[in-house]
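Take a look at the structure below.
Computed from the coordinates by the stated procedures, all read-outs in this text should not be read as laboratory data. The shown structure was predicted, so the numbers you read here are calculated from the model rather than taken from an experiment. Positions of Cβ are backbone-derived with ideal geometry, glycine not excepted, and every protein chain shown enters the neighbour counts.
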Amino acid sequence: MEDVEIGRIHPYRPCILPAYREKGFEVALIKSSIEHLRKCGAKKVRFSIKGSINEVMPYVDLYRNLGFYIWREAQIMKRNLDDIPDLKPLIPLKLLTSRQIGVDAFVNFFIECFKDSKDRDASKIASDVQKVKLFIRRLLEREGEHHDPDCWMAAFAEEKFVGFAIATCREGYGLVAEVGVVPQFRRLGVGTFLTLKALQRLKERGAKEAFLGVDLQNMEAVLLYEKLGFKRNTSGFLYELEMTL
């Protein structure tokens, strides 16, 4: 159970011995998992899978046949960090980091930026402050010893918060985990500015390339990242499916 209402089936793919894959054991295991989560009090069940289209679609079809619907379609995009342009936003911005303002400030930043997001998962999280606090805590836990407060950045225009970015670096590659812009400050170059600053910080810390995930329903974001040099990773599709119990 990932919270009091949503259960999640792990691992991404049920492990079935080859000789038994065509005998219904996979479906039986999934149904048993769903029933177990129901008894634990789950009102919804989610299943996630990542890989190439050819790898993920058989599992997407399997779960859809069991009554799941596609909750989220996302794709991993990547960019090498050899050459990062220095593009200026249309308004003067001041950049502060969590070293200066604290990690807790990013709870409100997330809510301000994503409460009307086209990314359904982000907008649902942003609708509940406790879910945002949990989300931020889990980001920190995943970063672990790689957490760098200077890679948690917030932009301000005349002391007013306008957007934020969170990035992390490990083992020669970087991840841009989140980029958000307050609705009234969109289309002013704020998202571009924050993304490029995140990439620059990752490069300074030794990353050779950077990755990010983007919801395929948010084509504005996909096109923005493509303009910034990101390329779609054909082996990096993420599907998240959900069933209401």
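Things to note:
- Hydrodynamic radius by Kirkwood, which averages 1/r over all alpha carbon pairs of the range 6-75, in angstrom: 13.0 Å
- Counted as membrane-span-like here are DSSP H helices of the chain whose alpha-carbon atoms extend 20 Å or more along the helix's own axis and whose Kyte-Doolittle mean is 0.0 or above; these are 25-39, 190-204.
- Taking 0.36 nm per residue of separation and subtracting the current Cα-Cα distance, fully stretching the chain between Met219 and Gln100 would add 39.5 nm.
- Calculated mean residue ellipticity at 222 nm for the chain: -11000 deg cm²/dmol, from DSSP H runs with n ≥ 4 weighted as -39500 (n - 2.57), summed, divided by the residue count and rounded to 500.
- Fully extending the segment from Glu35 to Tyr69 would add 10.5 nm, taking 0.36 nm per residue of separation and subtracting the current Cα-Cα distance.
- Most to least packed among 76-85, 163-172 [average Cβ atoms within 10 Å]: 163-172, 76-85
- Efficiency of FRET from Cβ geometry, Gln200 and Arg142, R₀ 25 Å, rounded to 0.05: 0.70
- With a simple spin-label model that places each label point 7 Å from the Cα along the Cα-to-Cβ direction, the separation between Glu158 and Glu55 comes to 5.0 nm.
- Model label sites at Glu226 and Arg187, defined 7 Å from Cα along the beta-carbon direction, differ in position by 2.0 nm.
- Modelled spin labels at Cys15 and Val129, positioned 7 Å past Cα toward Cβ, are 4.3 nm from each other.
- Which listed pairs, of Lys50/Lys197; Lys78/Lys160; Lys88/Lys133; Lys44/Lys131; Lys23/Lys44; Lys31/Lys118, have C-alpha distances above 25 Å, in listed order: Lys50/Lys197; Lys78/Lys160; Lys88/Lys133; Lys23/Lys44; Lys31/Lys118
- For the range 117-245, the square roots of the Cα gyration tensor eigenvalues, ordered a ≥ b ≥ c, give a/c below 1.5, which places it in the rounded category.
- Here is the P(r) of the chain: all C-alpha pair distances, binned every 10 Å from 0, give 7, 28, 34, 20, 9, 2, 0 in whole percents.
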